[in-house]
Amino acid sequence: MTAANPEPAEEGSELRAQGAESPTETPAVAVEGRERVVVSAGEGDSFPRASLVCTVECASGERATDEWTGVSVVALADAADFPGETTHLRAEADDFTADIPIRPALGGILAFDRRNSRDDGELGLPRFVADGVEGERLVKRVERLSAVSLDPDEEPRIG
Ligand SMILES: Nc1nc2c(c(=O)[nH]1)N[C@H]1C(S)=C(S)[C@@H](COP(=O)(O)O)O[C@H]1N2
Ligand SMILES: [Mo]
């Protein structure tokens, strides 16, 4: 064993541990309006990064405030050319779909990271977060964001 490389096994496992945490492991998200764009955690796209302080509040009363970083929904809606008649942003995960009224949704971000992480709760990245939106609509593990136009008598999706 040389002085320059005293613990090769340790070094290797450290590299693997870092790899597992890498932002490139976070799945990409499709954003669909009149156009379709794809956004991912890596900074290899032209979307500016944004951050947002947001409180996640469950109907049960449980709440937590964190700072999230990602890409603003406004930038994504612009790139995907959301139609003027859009009433809701639809956020879809494998297990869960929520329609968010477009006005508060446009103040949100698609988060790829959470700062000052609390220990509880699940990161669920990529995640839609917006201030002033109920916790149940802050969808974790988002796979697709899309522009929807609901009729006034149509129920926004949740669950
Ligand atoms: N994909 C997915 N996202 C979800 C849910 C879910 O079941 N699946 N639950 C929602 C509900 S009801 C709440 S209150 C918050 C909880 O977020 P937290 O774990 O950060 O507190 O996540 C929301 N996002
Ligand atoms: Mo909840």
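Let's see how each residue does on (1) more than 14 Å from LEU138 (Cα to Cα); (2) modelled with pLDDT under 95; (3) touching a Pro at 6+ places or on another chain (Cβ under 7 Å):
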site: ALA50; (1), (2), (3): yes, no, no
site: ASP78; (1), (2), (3): yes, no, no
site: LEU89; (1), (2), (3): no, no, no
site: LEU106; (1), (2), (3): no, no, no
site: ALA111; (1), (2), (3): no, no, yes
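Tell me which residues, restricted to the range 25-63, are open to solvent by less than 80 Å² (accessible area, probe 1.4 Å), at negative phi, within 16 Å of ligand 2 (Cβ to nearest atom) and not hydroxyl-bearing (Ser, Thr, Tyr).
CYS54, VAL56, GLU57, CYS58
Taking ASP113, is it over 18 Å from VAL31 (Cα atoms), open to solvent by 20 Å² or more (accessible area, probe 1.4 Å) and either among the basic types (Lys, Arg) or touching a residue at least 40 places away in the same chain (Cβ under 8 Å) (or both)?
So ASP113 passes the test.
Give me the pairs, please: first residue somewhere in the range 121-147 and part of a loop (DSSP other than H, G, I, E, B) and of a type in the set (Lys, Arg), second residue anywhere and near ligand 1 (Cβ under 9 Å from one of its atoms) and modelled with pLDDT of 95 or more, beta-carbon distance under 6 Å, and either six or more positions apart or on two chains.
Taking only residues 6 or more apart or on different chains, the pairs are LYS140/ARG127; ARG141/ALA93.
Quick check on the range 137-154: of everything there that is of a type in the set (Asp, Glu) and within 24 Å of ALA80 (Cβ to Cβ), which residue is nearest to ligand 1 (Cβ to nearest atom)?
The qualifying residue nearest to ligand 1 (Cβ to nearest atom) is GLU143.
Inspect all residues belonging to the range 66-74 and state whether any of them is under 17 Å from GLU134 (Cβ atoms), out of contact with any Gly (no Cβ under 7 Å at 6 or more places or on another chain) and surrounded by fewer than 19 Cβ atoms within 10 Å (Cβ to Cβ).
Scanning the range 66-74 turns up at least one residue that is under 17 Å from GLU134 (Cβ atoms), out of contact with any Gly (no Cβ under 7 Å at 6 or more places or on another chain) and surrounded by fewer than 19 Cβ atoms within 10 Å (Cβ to Cβ).
Which residues, taken from the range 131-144, are surrounded by fewer than 24 Cβ atoms within 10 Å (Cβ to Cβ), closer than 19 Å to ARG115 by Cα, within 12 Å of the chain's Cα centre (by Cα) and more than 14 Å from ligand 2 (Cβ to nearest atom)?
Once the filter is applied, which keeps residues that are surrounded by fewer than 24 Cβ atoms within 10 Å (Cβ to Cβ), closer than 19 Å to ARG115 by Cα, within 12 Å of the chain's Cα centre (by Cα) and more than 14 Å from ligand 2 (Cβ to nearest atom), the range 131-144 yields only ARG141.
Which residue out of ARG157, ARG115 is at negative phi and more than 15 Å from the chain's Cα centre (by Cα)?
ARG157
If I ask for residues that are more than 9 Å from ligand 1 (Cβ to nearest atom), over 20 Å from PRO27 (Cβ atoms) and either in a strand (DSSP E or B) or out of contact with any helix residue (DSSP H, G or I) (no Cβ under 8 Å at 6 or more places or on another chain) (or both), which ones from the range 49-81 would you list?
SER51, LEU52, VAL53, CYS54, THR55, GLY61, THR65, GLU67, ASP78, ASP81
The values are calculated or read from the model by the stated rules, or taken from the named source; none is laboratory data. Given the structure is predicted, the values throughout are model-derived calculations rather than measurements. Ideal geometry is used to build each Cβ from the backbone, glycine not excepted, and the neighbour counts take in all protein chains shown. What goes into the accessible areas is simple: the full protein's heavy atoms, side chains included, and nothing from ligands, DNA or RNA. Shrake-Rupley method; radii C 1.70, N 1.55, O 1.52, S 1.80 Å.
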